[in-house]
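Peer 1: Below you will find the structure I want to go over with you.
Every number here is computed from the coordinates shown, using simple stated rules; none is lab data. Quantities reported herein were computed from a predicted structural model and do not represent experimental measurements. So basically every Cβ, Gly included, is an ideal-geometry build from the backbone, and we count neighbours across all protein chains shown.
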Amino acid sequence: MSIKKKTKILLLSVLTEKNAIITEEIGMCSIAAFLEQDGFDVALVNSTRSYLDFNKIYKDKPDLIGVSMYSTTETVVYETCKTIKENLPDVKISIGGYWPTLYGKKLLEKYSIYDYAICGEGELAFRDLANAIEYNTSLSTVGSLIYHDKGEIIENKRQDLIEDLDSLPFPRRDLLLNNKLKYAYISTSRGCMASCSFCWHQNFWGTKANNRWRGRSPQSVVAEVKEIVNKYGVNRFWFIDDSFEDSKAGNTNRMWDIAQLIIDEGLHITYETYFRSEVHKRFNPEKMKLIKESGLVGIVFGTESGNEEDLKLYNKPASVTDNLKAIEYFRENDIAVDIGFINFNPYSTFENLRKNIDFLEKTKFASVLYYIVERCGITEFSSLYYKLKKDGLLIEEQDLGCYSYHYVNEDIGKLSKFLYYKYHENENSKVYFYAKKIGSIIREEFKIINYLKRSFGQMNDTITRIIAENEERAWEYLERVNHSNAQCFRELLDMTEKGFDQVCAESITEKYLNLEYIKGISDLLEKNRLGLYMRLKNEGVPPELYLNIE
Ligand code: B12
Ligand code: SF4
C-alpha cells in the first residue's frame with residue numbers, strides 16, 4: 001500500500017425508487033478497491049435519494065465525488081448532486097458509467113454542476129483524475145476524461161484498456177451499505193466478441209477493437225468466488241459478463257477450467273450466466289457433467305428471434321436451429337433457461353412474426369407475455385440506428401436512450417404499439433399485473449427446482465419424487481398459458497393483416513387475457529411453489545436451506 005493521500009473520495013450510486021433493490025455495483029466497488037490501493041481514502045454509498053444521508057456527506061466533506069449514472073438515473077443523480085453541491089460548493093463531481101460514456105459531453109453542457117465525465121472503464125481514469133486533483137497537475141493527460149476548460153468542453157483521448165484484468169484488486173463489496181447479498185455478481189471478463197446490430201456496447205469501449213474480449217484467469221475468478229463464500233457466506237453467483245464463455249481470444253479452455261477449479265476447491269456453489277446459443281456446439285456429455293457439477297443452474301441465451309431474417313438483421317451468429325437446440329439441450333440437463341427476445345422491429349413482417357410465435361410456443365416462452373410484447377430498442381451509435389436513419393424510419397425523439405421509429409408495415413407498427421402500451425403503461429390493470437407475475441414466477445421456477453434437485457434431490461426417493469411432481473405441475477400450468485398467449489397473438493396477427501382495428505384488438509386480448517384466467521394460473525403456480533416448500537418441510541428439509549433461494 002502506498003502513502004495515504006489527502007484527497008477524500010466519495011463514490012456514489014443513486015438508485016431510483018423503482019430500482020431500489022440492493023445491488024452490487026461491482027464496477028464502483030472495483031474503482032474503490034483500485035483507488036485504495038493507490039493510497040486514497042474512499043467511501044462508497046449506494047442508496048435511493050430519499051434514504052441518502054446527506055448530513056453524513058456534508059460532515060465527511062469529500063473533495064471528489066464519483067457518481068455512477070444510467071439512462072434511468074440521469075434525473076435523480078442530477079437532483080442529488082445539485083443538493084450536495086449547494087451545501088458543499090467546493091466539491092468536484094465526476095459522472096461515470098454507461099450513460100456518461102455515451103453522452104458525457106452533452107451531460108456536461110446540460111448540467112453545469114458536473115465538473116467531469118469519465119468514459120468507459122473507470123479504474124485507471126478515475127485514479128488519474130484523483131491524482132491530478134491531489135497534485136494539482138494538468139487534466140489534459142487524464143485519459144477518457146471530459147472536462148471544462150476556459151469555457152470549453154474538452155474530450156481527452158481514451159485511456160488504454162486494462163489488459164491484465166487479474167492485476168485488479170477484488171471489488172470492495174464490503175463498503176456497500178446493507179450488503180446482505182443473496183447473490184454475488186462477478187465480472188470475469190470485459191468486452192464481447194459479437195456485434196449485435198442493436199447493441200451499443202462497442203461505443204462503451206470507444207472502438208470496435210476496444211470491445212475485444214479480455215478474460216480473467218480461472219485462478220483469479222475462483223479466488224474471488226472463494227473470498228465471497230468465506231467472507232459473506234454467499235454461495236449463489238451471477239457471472240455478469242457479456243460473454244462468459246467467449247474465450248476464443250486466447251484461452252479456449254477457460255470456461256471448463258473455471259468449472260474444474262470450482263470443483264477442485266470444494267466450493268459448493270450455484271451460478272448463472274449469459275451464454276450465446278452457439279455454445280451448445282462446444283458441449284459434450286463429459287463437459288455438461290463438469291459444468292453441472294461445478295454449479296451452473298441457469299443461463300440466459302440472447303436468442304432474440306425465431307426467424308432467420310431477423311437474426312440476420314440483428315447480426316446474430318446463431319441460427320434458429322442453434323437457438324432451439326441450445327434451449328432443449330440445457331433444459332434436458334436440468335439447467336434453467338431464460339432468453340432475450342425481440343418480437344417486433346421496424347422491418348417486421350407477418351411471416352416473421354408468425355415464425356416468432358411458433359418459436360416462442362415451441363420453447364414454452366410464449367407463457368411470458370413480455371416476450372410477445374417486446375420490441376427492438378434503438379439506441380444511438382448502434383448499427384441499426386444508422387440503418388433506420390438511412391431508411392428514413394427513425395423519429396428523432398428519445399426516451400431513456402431509445403429512439404422512436406416508423407415501421408415499414410404501418411399496421412404492424414400499430415399492433416406493436418397497442419401491445420406495448422397495454423402491457424407497460426397499463427399499470428392499473430390487474431390482468432397485466434398477473435401476466436407479469438406469471439412471467440417472473442416462470443423465470444424463477446425452474447432455477448429453484450434445479451437448485452433443489454442439486455441440493456436435496458439425492459437425499460431420498462420421496463424428496464426426489466416431490467420435486468419431480470412439482471416440476472411436472474409447473475410445466476403443465478405453463479403449457480396452458482403458453483398456448484393461450486400464442487393463440488391470442490396469432491388472432492391479433494390475422495386481424496392486423498386485414499388492417500389494424502383497435503376495437504377488434506381489445507376484444508381479442510380481453511378474450512385471452514381475462515383477469516379470472518390469468519390470475520387463476522398465477523395462483524396455481526404460487527400454490528404449487530408453496531406446496532413444494534410445505535412438503536419438503538414435512539420431509540425434514542430445514543426451510544432455511546431453501547427459503548432464501550428466491
Ligand atoms: C449486473 C447488471 C445489473 C444489475 C446490477 C446493476 C449494478 N448496479 O451494477 C441489476 C440487475 C440490478 C441491473 C439493473 C439495471 N440495469 Co443493468 N446491467 C448489469 C450488467 C449485466 C453488468 C454490470 C456490471 O457489473 N459490469 C461489470 C463492471 C465491472 O462494469 P461497470 O458496472 O460497467 O463499471 C465500470 C464502468 O462502467 C465504469 N463506471 C461505472 N460507474 C462509474 C462511475 C464513475 C464515477 C466512474 C469514473 C466510472 C464508472 O467503471 C467501472 C469499472 O471499470 C450490465 C451489462 C454489462 N455487461 O456491463 C447491465 C447494464 C449496465 N444495465 C443497464 C440497465 C439499463 C439497467 C437498468 C436501468 C434496467 C432497468 N430498466 O431497471 C437497471 C438500473 C440499476 C440502477 N442502478 O438503477 C444497461 C445500462 C445502459 C444505460 N441505459 O445506462 C446495461 C449496460 C445493459 C444494457 N442493456 O445495455 N443491472
Ligand atoms: S452478445 Fe450482448 S453484449 Fe455482445 S454485442 Fe450482442 S447484445 Fe451486445
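Peer 1: About its Cα centre, how strong a charge dipole does the chain have in debye, to the nearest 20, once Lys and Arg get +1 and Asp and Glu get -1 at the Cβ?
Peer 2: 500
Peer 1: Among the Cys residues of the chain, which have no other cysteine Cβ under 4.7 angstrom away?
Peer 2: Lone cysteines by the Cβ rule: Cys29, Cys81, Cys119, Cys192, Cys376, Cys402, Cys488, Cys504.
Peer 1: Also: Test of the criteria: in the stretch 9-97, which chymotrypsin sites (Phe, Trp or Tyr not before Pro) are in a DSSP loop and have at most 14 other Cβ atoms within 10 angstrom of their Cβ?
Peer 2: Those satisfying the criteria are Tyr51.
Peer 1: For the chain, what is the calculated [θ] at 222 nm in deg cm²/dmol (nearest 500), taking -39500 (n - 2.57) for each run of four or more DSSP H residues and dividing by its residue count?
Peer 2: After summing the helix terms and dividing by residue count, I get -14500 deg cm²/dmol.
Peer 1: A further question follows. Using only the alpha-carbon atoms of the chain, report the extent along each of the three principal axes, biggest first, to the nearest angstrom.
Peer 2: Cα spread of the chain along its principal axes, largest to smallest: 67, 59, 46 Å.
Peer 1: Once the piece of chain linking Asn230 and Ser440 is laid out straight, how much longer is it, given 0.36 nm per residue of separation minus the C-alpha distance between them?
Peer 2: The Asn230-Ser440 span can extend by a further 72.5 nm.
Peer 1: Would you calculate the separation in nanometres between label points at Arg282 and Gln219, each defined as 7 Å from the Cα along the Cα-to-beta-carbon direction?
Peer 2: Reported label-point gap for Arg282 and Gln219 is 2.1 nm.
Peer 1: On to the next question. For the stretch 444-549, which trypsin sites (Lys or Arg not before Pro) are in a loop by DSSP, counting at most 10 other Cβ atoms within 10 Å?
Peer 2: Hits after loop and neighbour filter: Lys498.
Peer 1: I'd like the distance between the alpha-carbon centres of the stretch 252-306 and the stretch 109-168, rounded to an integer number of Å.
Peer 2: If you average the Cα positions of each part, the centres end up 37 Å apart.
Peer 1: May I ask you to derive the FRET efficiency for Gln502 and Glu79 from their Cβ-Cβ distance with R0 = 35 Å, giving the value to the nearest 0.05?
Peer 2: Values: r = 38 Å, r/R0 = 1.09.
It comes out at approximately 0.35.
Peer 1: Roughly how many whole Å is it from the C-alpha centroid of the stretch 374-449 to that of the stretch 473-550?
Peer 2: With the stretch 374-449 and the stretch 473-550 each reduced to a Cα centre, they are spaced 20 Å.
Peer 1: Cα-Cα over 32 Å: which of Lys417/Lys527; Lys4/Lys110; Lys362/Lys498; Lys281/Lys364; Lys389/Lys519; Lys157/Lys387?
Peer 2: Lys417/Lys527; Lys4/Lys110; Lys389/Lys519, as the Cα separations exceed 32 Å there.
Peer 1: Out of all DSSP beta bridges in the chain, what portion is antiparallel? Express it as a percent rounded to 5.
Peer 2: Details: 15 of 53 bridges.
Here the antiparallel bridges make up roughly 30 percent for the chain.
Peer 1: Related question: Give Lys18/Lys226; Lys85/Lys231; Lys61/Lys150 a once-over and call out the pairs whose C-alpha atoms are over 30 Å from each other.
Peer 2: Check vs 30 Å cut-off fails for Lys18/Lys226; Lys85/Lys231.
Peer 1: Report the label-to-label distance for Asp391 and Thr48 in nanometres (one decimal), using points 7 Å from each Cα along the Cα→Cβ vector.
Peer 2: Calculated label separation equals 4.0 nm.
Peer 1: Just to be sure I understand the curve: with the Debye formula and one point per C-alpha of the stretch 145-256, what is log10 I(q)/I(0) at q = 0.24 Å⁻¹?
Peer 2: Debye curve over Cα of the stretch 145-256, log10 I(q)/I(0) at q = 0.24 Å⁻¹: -1.31.
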